[in-house]
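See structure below.
The values are calculated or read from the model by the stated rules, or taken from the named source; none is laboratory data. As the structure is a computational prediction, the values presented were derived from the model and not from experiment. The area values use the complete protein model at the heavy-atom level, side chains included, leaving out ligands, DNA and RNA. Shrake-Rupley method; radii C 1.70, N 1.55, O 1.52, S 1.80 Å.
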Amino acid sequence: MATATFLAAAVPHHLLSLSCTSRANEDLPAVPHQLLLSQACRFRVPRDRAGRYVHRQLCVRADAPAAEVRARTRVHKLIDENGAVLVPGCYDALSATVVQKAGFSASFLSGYALSATLLGRPDFGFLMPPEMAMAARFICSAASKIPIIVDADTGGGNALNARRTVEDLISAGAAGCVLEDQVWPKRCGHMRGKQVIPVEEHASKIAAARDAIGNADFFLVARTDVRGILAKNGLEEAISRANLYIEAGADATFVEAPRDDDELKEIGKQTVGYRVCNMVEGGLTPLHNVEELQEMGFHIILYPLTTLYSTTRAMMDRIKSLKEKGTSRDDLDKVITFQEFNELMNLESWYALEAHHSPNKRFS
């Protein structure tokens, strides 16, 4: 059996050993691996004779059952309560406020959307982790009643960078993040020209992120973009990577850009753990509702760009009309009113708080 390696230094201290059994080839013998907590130790990723990664069953801390190893986060609880959770995207405090007031139970801070709204540039590797953490802080404050999952791209570099990125997002108030296995500079998963890093390298980043999380209320999603890169066996490779990332410490996996319903169903059948599905209007994956995707085996249903695309379309239409007519007088039914917007911002509550803290009232 051929093997590949990555440094075990980034692996969380509570992982003691891995018991390996082959799902890809039942003729292969079970191969145990001891994970020694040493900077110089290497963790071997088994492959079958065809070079495919062999799925393994994770064994965890000897002094606690598996269910107690990781804290149950708010996102876990939403999945437990609903089976599948519809999660629209946001990109600033206003969009997050709209999502929360509409009654959604969670939102997703999209890197694609933030790159466009903060930088005016495409999702092409321009956005940096500190900028994402800064935006997350404002968004989590504005929509504090719902968990915000953040698009952390590649984590900003190696395992240590990924660890710092996760720590910054936890400090910002985020409830989880997505870490992907693209080569930096990355790009949107539905764009052409992507590359991925070796599976062992991303597994080490996931392990480092898990170690940084500790007992924090933070849901870790590992994403793979390999489906769109390999013309042959891309889906099979993506499934193998997803399962390895679960073993490295992810709470859920995210196979980006499946092409049809058959691929969606295959992902639902062959991957372990919680699953994320990405619904991008105009993207490579067919659009489905929550019930349909839950039936296929998915638990978190992202609609990351609906808010961005709808507000951009509305903005373009109104600005075009304003340019042509010189006034918005005839289009007032197509814009939110002054009163409606002030209600969205809870303006009256701020007037009341201002009056409560008035020096004339409190100290006269």
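For K186, list the lysines whose Cα falls under 30 Å from its own Cα; do not include residues on the same chain fewer than 8 positions away.
Within the straight-line cut-off, K186 pairs with K194, K205, K232, K265, K269.
Quote the accessible area belonging to H299 in square angstrom, nearest 10, computed with a 1.4 Å probe and with ligands, DNA and RNA left uncounted.
40
Sequence-distant or interchain residues sharing an amide H contact under 5 Å with C90, placed H: which?
Answer set, sorted by chain and number: F108, L109, S110.
Give me a comma-separated list of calculated 3J(HN,Hα) values for segment 279-284, in order, Karplus coefficients 6.51, -1.76, 1.60 applied at θ = phi - 60°, integers in Hz, x for any Gly or Pro.
10, 10, 4, x, x, 7
What full-extension length gain, to one decimal in nm, is calculated for L119 and V183 as 0.36 nm per residue of separation minus the Cα-Cα distance?
20.9 nm
Please report, as a whole percent, how much of the solvent-accessible surface of segment 206-317 comes from carbon and sulfur atoms (probe radius 1.4 Å).
51
Could you go through segment 216-232 in sequence order and give the Karplus-derived ³J(HN,Hα) for each residue, using 6.51 cos²θ - 1.76 cosθ + 1.60 with θ = phi - 60°, rounded to whole Hz, and x for Gly and Pro?
Computed from phi, the couplings for segment 216-232 are 5, 7, 8, 9, 9, 10, 9, 10, 10, 10, 6, 4, x, 9, 9, 5, 10 Hz.
Of R72, R241, R318, which has the most accessible area and how do the rest follow, probe 1.4 Å?
Ranked list, largest accessible area first: R72, R318, R241.
How large is the accessible surface per residue of segment 283-364, computed with a 1.4 Å probe and reported in Å² as a whole number?
Heavy-atom SASA per residue in segment 283-364 reads 76 Å².
Among the lysines, which fall within straight-line cross-link reach of K334, defined as a Cα-Cα distance under 28 Å, with same-chain neighbours fewer than 8 residues apart omitted?
Output for K334: K101, K320, K323, K325.
Using 0.36 nm times the number of residues separating N82 and K232, minus their current alpha carbon distance, what extension gain do you get?
50.4 nm
Using 0.36 nm times the number of residues separating F138 and N158, minus their current alpha carbon distance, what extension gain do you get?
4.6 nm
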